[in-house]
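Inspection log for the structure reproduced underneath, given as structure tokens.
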Amino acid sequence: MLDLKIAGGHVFDGTGMPAVRADVGITGEGIAMVGDLARESAGQTLDASGLMVAPGFIDMHSHSDWRLFGNRRAESKIRQGVTTEVVGNCGFSPAPVSPEFREDMRGFALYVPPGMDFSWVSVKDFLRRYEEEGLALNVAQLIGHGTLRLAAMGFARRPPSAKELATMRGLMEAAMVDGACGLSTGLIYAPGSYAETAEIVEIAKGAGAAGGFYASHIRGEGATLLDAVAEAIRVGREGRLPVQVSHIKAAGRAHWGRVGDALALIDGARAEGLDVMADVYPYTASSTTIRTLLPDWVLEGGIEAMLGRLRDPATRGRIQADMATGPVLARGLEWSDIMIASAPSHAEIEGLRLDEIARSWGKDPVEATFDVIQSEKGRGNIILFQLDEADLRRALVHPRVMIGSDGSSLATSGPMADGKPHPRSYGTFPRVLGRYARDERVLPLETAVHKMTGLPAARLGLGDRGVIRPGAKADIVAFSRESVRDLATYEDPHRYAAGISHVLVNGRTVIKDGEHTGSLPGRVLRST
Ligand code: CU
Ligand code: ZN
């Protein structure tokens with residue numbers, strides 16, 4: 001007898017094959033049978049007639065790290081059908097922490113849930129916190145290079161000493177033993193931007209030797225995009241590990257069209273025998289922290305040092321003169337391309353563009369930006385309208401590109417409902433299925449599903465997830481082909497997606513008939 005039967009649906013197995021009419025039978029955490037199960041009895045039956053059934057979606061690029069501690073139900077993600085989030089991206093993970101630089105880590109954190117004490121040191125101690133109180137979905141943890149650098153040498157803007165480099169590599173190796181899945185970098189963000197390639201290669205070797213992969217927010221996504229992709233490939237070649245180019249894009253109007261060239265570099269690396277893939281989110285705006293508008297030297301020494309420089313009139317003038325060299329502004333953005341997504345101490349400017357804010361404050365946009373960074377103490381996010389729809393479509397259809405939201409688990413009520421965050425946190429997966437696959441026919445639905453299931457599972461080395469077959473873990477989503485769609489917009493982002501009926505994580509029902517059951521069956525995943 002089965003514990004649960006998902007009956008009457010059309011099943012995508014996650015390999016890219018079209019859906020077939022089948023029932024799915026579950027015992028415990030796993031899939032026991034797939035086929036015509038009309039004669040099998042089950043403790044519980046979920047009606048999937050008229051629905052598509054697929055492996056649970058894997059969000060290859062998430063920033064939920066902190067949010068999950070204030071949102072264990074993972075509302076905005078689980079309601080898209082996401083059953084696993086890959087966290088620790090863009091060079092930043094909450095662990096490991098060295099006691100010496102604990103306060104730097106607190107400043108580096110983009111969001112700190114109330115009651116978070118930063119008392120962990122190892123990755124093992126940190127990962128335990130996810131499972132102790134439960135989570136709605138599974139997580140796979142990357143280790144941020146910025147975090148390793150902070151632990152070894154703080155916010156120092158120089159190459160590491162031999163000893164510091166050995167510390168970083170040692171911490172990386174220990175993290176792999178503790179359950180991490182690889183190394184991530186954020187090479188436009190201090191302190192990651194202070195590192196040369198050789199430093200990253202050395203740490204990457206520690207991850208690669210233990211079966212990990214290298215995910216990179218590359219060093220440039222505008223004029224230097226192709227050099228930056230080449231650098232990521234070099235880390236894979238010399239570090240001997242698979243490469244994941246995070247949220248592939250060509251930012252800034254002058255660089256539109258170059259995603260095709262970046263994908264050609266990836267194809268070339270694969271022809272050379274290297275394992276290189278990428279991920280993308282289905283929007284033409286990006287989002288990051290507002291402090292990324294500053295030239296990276298301003299962050300030397302950490303967040304307090306940055307705020308001190310902004311307070312000092314002479315240094316403030318130097319920053320002002322140097323603003324156009326910042327990692328984001330160098331792409332040639334207009335102030336009207338930049339929207340404030342979150343600035344809790346100035347909630348009235350959330351959703352407005354920087355040119356409007358500057359006008360209403362009677363200030364220059366640079367001064368207005370400094371003021372927001374100061375009042376938010378280095379936190380606060382922006383949305384940048386700077387990407388090309390044709391580039392996005394090129395990435396979506398490339399066989400080695402999968403889906404990653406670059407967003408976080410948010411919720412429409414409580415502290416996760418603040419501000420005007422990028423809608424990708426609510427809409428990424430339904431938007432690919434609804435808008436791009438069904439409505440615009442940019443790619444077949446079974447291919448879209450593969451890019452959310454079997455393909456990321458292969459990258460993560462999860463042999464028993466991302467597929468529907470007997471013996472696999474029962475992470476499953478049932479959705480409506482006709483009504484699946486994203487509802488979140490830039491103006492009104494806190495809206496759950498439509499058309500996601502049932503979601504199972506490790507055999508337990510977390511979403512039933514579109515409602516959250518409160519179940520928290522997620523766990524930390526390790527490659528098999
Ligand atoms: Cu990211
Ligand atoms: Zn990034």
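What to note about this one:
- Number of residues in region 416-460 that are closer than 16 Å to GLU491 by Cα and surrounded by fewer than 24 Cβ atoms within 10 Å (Cβ to Cβ) equals 4.
- Qualifying residue in region 475-483 (condition: in contact with an Asp or Glu (Cβ under 8 Å, 6 or more places away or on another chain) and in a loop (DSSP other than H, G, I, E, B)): no
- 3 or more residues touching a strand residue (DSSP E or B) at 6+ places or on another chain (Cβ under 9 Å): qualifying helices (runs of 4 or more DSSP H) within region 288-392: 354-361, 365-375
- For region 198-256, filtered to residues that are closer than 21 Å to PRO282 by Cα and hydroxyl-bearing (Ser, Thr, Tyr), the residue that is surrounded by the most Cβ atoms within 10 Å (Cβ to Cβ) is SER216.
- Test: residue in region 115-124 that is crowded, with 22+ Cβ neighbours inside 10 Å and either among the small types (Gly, Ala, Ser) or away from ligand 1 (no atom under 16 Å from the Cβ) (or both): yes
- Meets criteria (polar (S, T, N, Q), assigned to a loop (DSSP other than H, G, I, E, B) and touching a strand residue (DSSP E or B) at 6+ places or on another chain (Cβ under 9 Å)) for SER93: yes
- The listed residue being within 24 Å of ARG424 (Cα to Cα), assigned by TED's automatic domain parsing to the domain that holds HIS398 and basic (Lys, Arg), out of ARG253, ARG270, ARG331: ARG253
- Index of the failed condition, VAL177 passing every other in (1) farther than 16 Å from ASN89 by Cβ; (2) of a type in the set (A, V, I, L, M, F, W, C); (3) in contact with a strand residue (DSSP E or B) (Cβ under 6 Å, 6 or more places away or on another chain): (3)
- Scanning region 454-474 for residues that are more than 19 Å from the chain's Cα centre (by Cα) and not in a loop (DSSP other than H, G, I, E, B) turns up just one, LYS473.
- A single entry from GLY466, GLY522, GLY514 fulfils the requirement of being on the phi > 0 side of the Ramachandran plot, at pLDDT 95 or above and buried (at least 21 other Cβ atoms within 10 Å of the Cβ): GLY466.
- Those residues of region 11-27 which are in a strand (DSSP E or B), farther than 14 Å from HIS502 by Cβ and not hydrophobic (A, V, I, L, M, F, W, C), in sequence order: ARG21, GLY25, THR27
- Every condition in (1) touching a residue at least 12 places away in the same chain (Cβ under 8 Å); (2) closer than 28 Å to HIS255 by Cβ; (3) not polar (S, T, N, Q) is met by PRO399 except one, and the failing one is (1).
- Screening region 96-154 for helices (runs of 4 or more DSSP H) wholly inside it with 1 or more residues that are under 27 Å from THR83 (Cβ atoms) and among the acidic types (Asp, Glu) returns the ranges 123-132.
- Residues of region 38-82 classified as of a type outside the set (Asp, Glu) and farther than 23 Å from ALA417 by Cβ, total: 19
- Region 11-26: number of residues that are free of Cβ contacts under 8 Å to residues at least 60 places away in the same chain and not aliphatic (A, V, I, L, M): 3
- Scanning region 52-77 for residues that are within 16 Å of ligand 1 (Cβ to nearest atom), at pLDDT 95 or above, assigned to a loop (DSSP other than H, G, I, E, B) and not hydroxyl-bearing (Ser, Thr, Tyr) yields MET60, HIS61, HIS63.
- Residue pairs whose Cβ atoms lie under 6 Å apart, sitting 6 or more positions apart in sequence or on different chains, and linking a residue in region 88-114 that is more than 23 Å from PRO415 (Cα to Cα) to a partner that is β-branched (Val, Ile, Thr) and away from ligand 1 (no atom under 16 Å from the Cβ), are ALA95/VAL123; PRO96/VAL123; VAL97/VAL121.
The values are calculated or read from the model by the stated rules, or taken from the named source; none is laboratory data. Worth saying up front: this structure is predicted, and the values here are computed from it rather than measured. Virtual Cβ from ideal backbone geometry, glycine too; neighbours counted across all protein chains shown.
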